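Okay, so here's the structure we're looking at.
The values are calculated or read from the model by the stated rules, or taken from the named source; none is laboratory data. Just so you know, these numbers come straight off a predicted model, no measurement behind them. Virtual Cβ from ideal backbone geometry, glycine too; neighbours counted across all protein chains shown. Areas reflect the complete protein model, heavy atoms only, side chains present, ligands, DNA and RNA absent. Shrake-Rupley method; radii C 1.70, N 1.55, O 1.52, S 1.80 Å.
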Amino acid sequence: MLFLAVFCGFLAEYKLEHVIEHQRERKYVQSLIQDLKKDTANIQVYIDLRKEKRVMMDSLVLLLNTGEHKQLGNETYFFARHVFFGQPFVSTDGTMQQLKNAGNLRLIKNENIINNILGYDASVKELREWDESDTRIKTTFREIGGNVFDADKLYKVFSPDYQFVKPTTNPQLITDNPLMINNVAFQIQYLALGSLGNALRGKALKTKAENLIELLKKEYQLQ
């Protein structure tokens with residue numbers, strides 16, 4: 001009888017622990033879904049900005065290469081200012097970090113879901129690395145841009161409340177040196193291609209986030 005009582009107690013404790021872990025699992029999944037929803041919204045902003053920047057940078061290269069920047073100085077400086085602008089994508093990863101760093105990923109029992117979670121996290125890291133590469137190229141552009149653009153006029157494209165304002169005075173470049181202008185145009189072309197590539201990577205990441213949300217909802221029967 002004593003053995004039976006101990007055994008039943010063990011089973012009850014095991015069942016209770018299982019219920020508690022299942023509740024924690026669902027809580028983490030619900031939290032992860034909310035993070036992923038925020039990510040999809042932020043990724044779309046990221047994609048739209050990079051598409052817009054790519055168009056502006058292509059236009060800027062055209063102005064520089066054709067000499068039209070002399071007649072269209074307002075547009076030239078307005079587009080040039082946008083080259084520097086663009087925040088990297090920052091994932092809402094609080095739940096992801098808790099799952100990975102505190103050993104809570106073991107609560108997820110479905111191996112396919114684990115693989116999808118880790119796959120999404122790896123894609124976020126990959127996009128972050130591309131953003132860092134983009135930042136390094138911008139640094140190079142800053143270093144050589146001062147040889148071509150008037151710093152004071154470029155600075156004034158930003159208003160005091162941090163808004164883009166197109167110039168009205170037709171500002172000119174500070175040099176006609178074709179080599180310097182070509183060097184700047186080359187860097188802008190490189191950044192334009194990077195913006196296109198990151199927009200495509202962002203689109204793929206958004207699809208992964210949306211698919212993961214649907215997978216989690218279906219597996220855990222969530223709305």
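Principal-axis analysis of the Cα atoms of the chain puts helix 2-66 at an angle of about 10° to the longest axis. With axes computed from alpha carbons, what is the tilt in degrees of helix 73-84 against the longest principal axis of the chain, rounded to the nearest 10 within 0 to 90? With rounding to tens, the tilt is 30 degrees.
Quick one: work out Rg over Rh on the C-alpha atoms of the chain, Rh as Kirkwood radius. Present the calculation step by step, with values, prior to reporting the outcome.
Working: Rg = 26.0 Å, Rh = 20.9 Å.
Rg/Rh for the chain comes to 1.24.
Against the chain, whose longest principal axis is taken from its Cα atoms, helix 111-145 shows a tilt of about 20°.
Please give me, ordered by residue number, the trypsin sites (Lys or Arg not before Pro) of segment 33-113 that lie in loop per DSSP and have at most 12 other Cβ atoms within 10 Å. Let's see the in-between values first.
On the way: sites: Lys37, Lys38, Arg50, Lys51, Lys53, Arg54, Lys70, Arg81, Lys100, Arg106, Lys109; in loops: Lys109.
Hits after loop and neighbour filter: Lys109.
With 30 Å as the limit on Cα-Cα distance, the pairs of Lys51/Lys109; Lys37/Lys156; Lys51/Lys153; Lys100/Lys206; Lys27/Lys53 that go past it are Lys51/Lys109; Lys37/Lys156; Lys27/Lys53.
Just add up the charged neighbours of Tyr162: K/R +1, D/E -1, any other residue whose Cβ is under 14 Å from the Cβ of Tyr162.
Working: positive: Arg81, Lys156; negative: Asp161.
Taking every other residue near Tyr162 into account, the sum is +1.
Count neighbours as other Cβ atoms within 10 Å of each site's Cβ, and list the chymotrypsin sites (Phe, Trp or Tyr not before Pro) in segment 132-179 that are DSSP loop with at most 14 such neighbours. Please list the in-between numbers first.
Values: sites: Phe141, Phe149, Tyr155, Phe158, Tyr162, Phe164; in loops: Phe149, Tyr162.
Within segment 132-179, the qualifying chymotrypsin sites (Phe, Trp or Tyr not before Pro) (loop, at most 14 other Cβ atoms within 10 Å) are Tyr162.
Assuming a ≥ b ≥ c are the square roots of the Cα gyration tensor eigenvalues, decide whether segment 43-144 counts as rounded (a/c under 1.5), prolate (otherwise, with a/b larger than b/c) or oblate. Verdict is prolate for segment 43-144. Here segment 62-77 is scanned for amide nitrogen atoms under 20 Å from the site 7 Å beyond the Cα of Ile174 along Cα-to-Cβ, giving 64-65, 69-77.
Solvent exposure of the chain, expressed per residue, is 60 Å² of accessible area, with all protein chains present and a 1.4 angstrom probe. For the chain, the share of accessible area belonging to carbon and sulfur comes to 57 percent (1.4 Å probe, ligands and nucleic acids excluded).
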